[in-house]
Amino acid sequence: ESSPAAAAPTASSNVTTPDKPVITTEGWAKGNLSAKTVLVEFGDFQCPSCALARVKVDNLLKKFEKDIKVVFKQYPMPNIHRNAMVAAQASEAAGKQLKFWEMYEVLFARQNEWVNVPDALTFFLKYAAELHLDVEKFRQDMVDGEIRNKIFRDLLEGQVAQVRSVPSFFLNGKL
């Protein structure tokens, strides 16, 4: 006699992961947007290694500007970085006002100001003002479900691609 629990399929038995992860090239991009070579980064704004990687990526872009497209995807890890999700939301809210990359730079460059504070939003509102964003729209967009959904889509894509840590880079779809 088998118990019902033993007969029930487990959640993991219904999930198939591709041998080669499918990484889309959609997202915040810079460089040559029609380049055949695409570097996709999954990153977390509170991650010190991601802040360091940003400098290396910028140097790579300067050197191969005409030959490469760089795409940033959100991969906040709030279990170890308590302000990571709100930072991701801040970058996306800035993006709605066409200032994603400017906020990206500020968040990484001034990471030490906001990483350990209980209310990082105060800092992000200040950064939004410094970037000449419509601060009230920025504040509203921070809690917009559409922004959270975009972040969760990036997270899911990273999970399917078996991202385990940040920064994780995929060159033309390969880790």
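The values are calculated or read from the model by the stated rules, or taken from the named source; none is laboratory data. Small disclaimer: the values here were computed from a predicted structure and weren't measured. So basically every Cβ, Gly included, is an ideal-geometry build from the backbone, and we count neighbours across all protein chains shown. The protein model used for the area step is the full one, side chains on, heavy atoms only, and it has no ligands, DNA or RNA in it. Shrake-Rupley method; radii C 1.70, N 1.55, O 1.52, S 1.80 Å.
Evaluating Val166 against the criteria (1) touching a residue at least 24 places away in the same chain (Cβ under 8 Å); (2) open to solvent by 40 Å² or more (accessible area, probe 1.4 Å) leaves one unmet condition, (2).
Any residue that is open to solvent by less than 80 Å² (accessible area, probe 1.4 Å), over 17 Å from Gly27 (Cβ atoms) and not in a helix (DSSP H, G or I) - is there at least one of those in the stretch 150-163? No, there is no match, as no residue in the stretch 150-163 is open to solvent by less than 80 Å² (accessible area, probe 1.4 Å), over 17 Å from Gly27 (Cβ atoms) and not in a helix (DSSP H, G or I).
Looking at Ala128, Ala94, Ala87, which one is assigned to a helix (DSSP H, G or I), open to solvent by less than 70 Å² (accessible area, probe 1.4 Å) and farther than 18 Å from Lys73 by Cα?
Values: Ala94 fails: farther than 18 Å from Lys73 by Cα; Ala87 fails: farther than 18 Å from Lys73 by Cα.
Answer to the selection: Ala128.
Within the stretch 70-84, can you find the residues that are of a type outside the set (Lys, Arg) and either free of Cβ contacts under 8 Å to residues at least 40 places away in the same chain or in a strand (DSSP E or B) (or both)?
Val70, Val71, Phe72, Gln74, Pro78, Asn79, Ile80, His81, Asn83 - these are the residues of the stretch 70-84 that are of a type outside the set (Lys, Arg) and either free of Cβ contacts under 8 Å to residues at least 40 places away in the same chain or in a strand (DSSP E or B) (or both).
If I filter the stretch 22-69 down to residues being hydroxyl-bearing (Ser, Thr, Tyr) and outside any helix (DSSP H, G or I), which single residue comes out as surrounded by the fewest Cβ atoms within 10 Å (Cβ to Cβ)? For the stretch 22-69, the residue satisfying everything is Ser34. Just checking, how many residues over the stretch 112-125 are in a helix (DSSP H, G or I) and either crowded, with 20+ Cβ neighbours inside 10 Å or over 20 Å from the mean Cα position of the chain (by Cα) (or both)? Result for the stretch 112-125: 5.
Taking the criterion of being aromatic (Phe, Trp, Tyr), out of contact with any strand residue (DSSP E or B) (no Cβ under 7 Å at 6 or more places or on another chain) and closer than 25 Å to Leu156 by Cβ, the only residue of the stretch 29-78 that qualifies is Phe45.
Selection over the stretch 131-149 of residues that are open to solvent by 60 Å² or more (accessible area, probe 1.4 Å) and more than 16 Å from the chain's Cα centre (by Cα) gives a count of 7. Taking the criterion of being among the hydrophobic types (A, V, I, L, M, F, W, C) and closer than 13 Å to Trp101 by Cα, the residues of the stretch 58-76 that qualify are Val70, Val71, Phe72.
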